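Down below is the structure, laid out as structure tokens.
The values are calculated or read from the model by the stated rules, or taken from the named source; none is laboratory data. Not measured: the values here are computed from a predicted model. Neighbour counts are summed over all protein chains in view; Cβ atoms, including those assigned to glycine, are modelled from backbone coordinates with ideal geometry. Heavy atoms of the whole protein, side chains included, go into the accessibility calculation; ligands, DNA and RNA do not. Shrake-Rupley method; radii C 1.70, N 1.55, O 1.52, S 1.80 Å.
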Amino acid sequence: MSDVSRVPSGSTLEIHDLHVAVGDKEILRGVNLTVKAGETHAIMGPNGSGKSTLAYAIAGHPKYTITSGRVLLDGADLLEMTVDERARAGLFLAMQYPVEVPGVSVSNFLRTAVTSMRGEAPKLRQFAKDLKTGMDALSIDAAFAQRNLNEGFSGGEKKRHEILQLELLKPKIAVLDETDSGLDVDALRVVSEGINRFRSSGETGVLLITHYTRILRYVKPDFVHVFAAGRIVEQGGPELADKLEAEGYEAYTKASA
Amino acid sequence: MGLETKPLSTLHEKASYNVEDFAVPTGREEEWRFTPLSRLKGLHSGAATSGSVAVHVDAAPEVTVETVGRDDQRLGKAYVPADRVSAQAYAAFEKATVLTVAREVVASKPTVITFTGSGEGHAYGHTVVKLEPMAEAVVVLDHQGSAVYADNVEFVVGEGATLKVVSLQDWADDTVHVSHHHAQLAKDATFRSFVVTLGGDLVRLSPSVSYAGPGGDAELIGLYFVDAGQHLEHRLLVDHSQPNCKSNVAYKGALQGQDAHAVWIGDVIIRVEAEGTDTYELNRNLLLTDGARADSVPNLEILTGEVAGAGHASASGRLDDEHIFYLQARGIPFEDARRLVIRGFFAQLLEKIELPELRERVLAKVEAELEK
Ligand SMILES: Nc1ncnc2c1ncn2[C@@H]1O[C@H](COP(=O)(O)OP(=O)(O)OP(=O)(O)O)[C@@H](O)[C@H]1O
Ligand SMILES: [Mg+2]
């Protein structure tokens, strides 16, 4: 799938020696990673190792301070951009804990987001159709469109809604932070199919953060990275995920402590 | 328990038609401590009538409209002034407006009373809206123009009647307005109040509710947007003195700019005889910039052990970074994200305005405030 000799037709996300702090606590300690179009990278690592920090820092969450390093999307410096500029440049973050926004309906939110991404309002009928198709494919009840954004959604409903946004907003690179956590088997399958639809063009890249190989059986990764204490400590192919699930992270947490 | 031994509420026990019964406030009194008296332009210290606020009524055909003199027997029946400015207004108004909806009559459209300040001098007013048993009506009080104005409004809601009121304070920037809105609910009456305060240098509005029989149901909703230098104060009082009545108070405001000041006082008394009371009051303030201040003081005084429900909540805070981040992360620019979140903050309240054209107008006003 990832033939380096072929000229890629899609995008590239490059992370170079990224250091990130929260307050004065250093959390990421030199992350290097390149995600190209057509590739799926899985990141696995123990709780608190900094996986979400990596995701949020790339997306530009104000809580995280970049102390050094570079993040480029198709050569453009993401760190120079505001959060919304990064999204419009083609970066998408599916959040581990999607935020509830009172008083803002799902349909209003999605229409506003699609309008911002495209630079023009979608045709109302076409949008309604796309929304329905997207919701049906993810088994999201039509009534959700009128509900307040993420408010009172179950954990699984929030995750499905994140993937709905992924499919509607059509980014170049998607960072999926534990999208599989809290999903039952049916929801996991539905969500995985959504991710696979997103990947199918071969022009998009995926960085998938997870604790479990369960999702990797549906969404086959090209590369697996082990994350411990704020950096990538080992890389390999899909077989590394099975090893991690069998043996845990102990070997890596000890080594990096 | 005899009358002598009945615990008395510590809130709002004083009432009189006579302005001399109230000392000129100094600002140290509990009920005046938040109000910048120097900006009241003498409404609290005996300023005589020297200007006017024009009252125009566009009434539903089923509603009787009268302009009456001070001696009309229907005035001051439901409400006795509770502070100095209110008593001053009661002592000084020249003509009063009386709206009546006869027994079992349902008004076919909203009745709009427009109060327009002429821009000169001090003025005082009095309004009575009376719904006879089983009547139904919607009344809009629309305040505009420039004025220094104090008034009292009495809502007399008869047995089983339903009155819905929208009061829009859309004054010019230099207006000073001090107003009491008192609703008296007979048995099984329903009262809905929706207050929107946007304009004016100083607006101090005191909506209060009393119950004359069991089964009354009052809902008091409020929305305000405070800009730099404005003082917008809402003082609510719900006096539960009858069994099995309901009240629900929800006020939300946004503040932006230097010295934007909001005050919200929410007093609820549940007296000994008010068993089975169900009440909730809420105030939320959204501080959009530095330099803005919100004072929010809920007081719930429960004198009986037999309540169905009683609660309050009050919170003031900034826009939530997490909300803004989530929207921006979906490509929505900061200004649009901010607008969406603020609109969302008010959305649940705006839904309560049942008249679509009025809801649109209020929404447009709020949008305009956001563009400033
Ligand atoms: N606001 C914060 N203040 C202090 N510490 C923080 C803050 N945010 C994150 N951290 C710390 O940074 C470290 C990394 O957290 P992060 O959420 O990135 O871990 P994670 O690998 O995603 O964990 P999990 O698998 O549990 O999701 C943790 O020790 C966490 O406590
Ligand atoms: Mg995490």
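For this structure, a couple of remarks:
- The requirement of being in the same structural domain as residue B:34 (by TED's automatic domain parsing) and at pLDDT below 95 is not satisfied by residue B:284.
- Residue list for the stretch B:349-366, filter: more than 19 Å from the chain's Cα centre (by Cα) and either closer than 20 Å to residue B:164 by Cβ or not in a helix (DSSP H, G or I) (or both): B:356, B:357, B:360
- Only residues that are in contact with an Asp or Glu (Cβ under 8 Å, 6 or more places away or on another chain) and outside any loop (DSSP other than H, G, I, E, B) were counted in the stretch B:218-234, giving 2.
- Considering the stretch A:7-51, the residues that are among the small types (Gly, Ala, Ser) and surrounded by fewer than 20 Cβ atoms within 10 Å (Cβ to Cβ) include one that is farthest from ligand 2 (Cβ to nearest atom), namely A:9.
- Flag for residue A:87 being closer than 17 Å to residue A:204 by Cβ, out of contact with any Cys (no Cβ under 8 Å at 6 or more places or on another chain), within 16 Å of ligand 1 (Cβ to nearest atom) and of a type in the set (Gly, Ala, Ser): no
- Within the stretch A:144-189, the set of residues being within 27 Å of residue A:14 (Cβ to Cβ) and not in a loop (DSSP other than H, G, I, E, B) comprises A:162, A:163, A:165, A:166, A:167, A:168, A:169, A:173, A:174, A:175, A:176, A:177.
- Scanning the stretch A:52-68 for residues that are open to solvent by less than 30 Å² (accessible area, probe 1.4 Å) and either more than 8 Å from ligand 1 (Cβ to nearest atom) or among the β-branched types (Val, Ile, Thr) (or both) yields A:53, A:57, A:58, A:59, A:60, A:61.
- Among the candidates B:106, B:140, B:80, residue that is touching a residue at least 24 places away in the same chain (Cβ under 8 Å) and buried (at least 18 other Cβ atoms within 10 Å of the Cβ): B:140
For every residue, the table says whether it meets (1) farther than 24 Å from residue B:230 by Cβ; (2) under 22 Å from the mean Cα position of the chain (by Cα).
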residue: B:40; (1), (2): no, yes
residue: B:47; (1), (2): no, no
residue: B:56; (1), (2): yes, yes
residue: B:69; (1), (2): yes, no
residue: B:81; (1), (2): yes, yes
residue: B:97; (1), (2): yes, yes
residue: B:104; (1), (2): yes, no
residue: B:117; (1), (2): no, yes
residue: B:126; (1), (2): yes, yes
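- Taking the conditions (1) out of contact with any Lys or Arg (no Cβ under 7 Å at 6 or more places or on another chain); (2) away from ligand 1 (no atom under 16 Å from the Cβ) in turn, residue A:97 satisfies each one other than (2).
- Condition met for residue B:283 (open to solvent by 20 Å² or more (accessible area, probe 1.4 Å) and among the polar types (S, T, N, Q)): no
- Residue count for the stretch A:54-78 satisfying the condition of being within 16 Å of ligand 2 (Cβ to nearest atom), within 14 Å of chain B (Cβ to nearest Cβ) and not aromatic (Phe, Trp, Tyr): 6.
- Subset of the stretch B:315-326 [more than 7 Å from every other protein chain (Cβ to nearest Cβ) and open to solvent by less than 50 Å² (accessible area, probe 1.4 Å)]: B:315, B:317, B:319, B:324
- Test: residue in the stretch B:327-346 that is within 14 Å of chain A (Cβ to nearest Cβ), more than 30 Å from residue A:55 (Cβ to Cβ) and surrounded by fewer than 16 Cβ atoms within 10 Å (Cβ to Cβ): no
- Any hit, the stretch A:188-205, residues being within 16 Å of ligand 1 (Cβ to nearest atom), more than 14 Å from chain B (Cβ to nearest Cβ) and in contact with a helix residue (DSSP H, G or I) (Cβ under 8 Å, 6 or more places away or on another chain): no
- Summed over the stretch A:144-161, residues that are within 16 Å of ligand 1 (Cβ to nearest atom) and in contact with a Pro (Cβ under 6 Å, 6 or more places away or on another chain) total 1.
- Any hit, the stretch B:259-268, residues being farther than 29 Å from residue B:111 by Cα, at pLDDT 95 or above, more than 14 Å from every other protein chain (Cβ to nearest Cβ) and open to solvent by 40 Å² or more (accessible area, probe 1.4 Å): yes
- Of the residues B:169, B:184, B:230, the single one that is in the same structural domain as residue B:288 (by TED's automatic domain parsing), open to solvent by less than 10 Å² (accessible area, probe 1.4 Å) and not hydroxyl-bearing (Ser, Thr, Tyr) is B:169.
- Criterion (more than 22 Å from residue B:200 (Cβ to Cβ) and not in a loop (DSSP other than H, G, I, E, B)) met by exactly one of B:139, B:129: B:129
- Scanning the stretch A:212-236 for residues that are aliphatic (A, V, I, L, M), under 22 Å from residue A:159 (Cα atoms) and in a loop (DSSP other than H, G, I, E, B) yields one hit, A:219.
- Qualifying residue in the stretch B:296-314 (condition: within 21 Å of residue B:171 (Cα to Cα), open to solvent by less than 30 Å² (accessible area, probe 1.4 Å) and more than 14 Å from chain A (Cβ to nearest Cβ)): no
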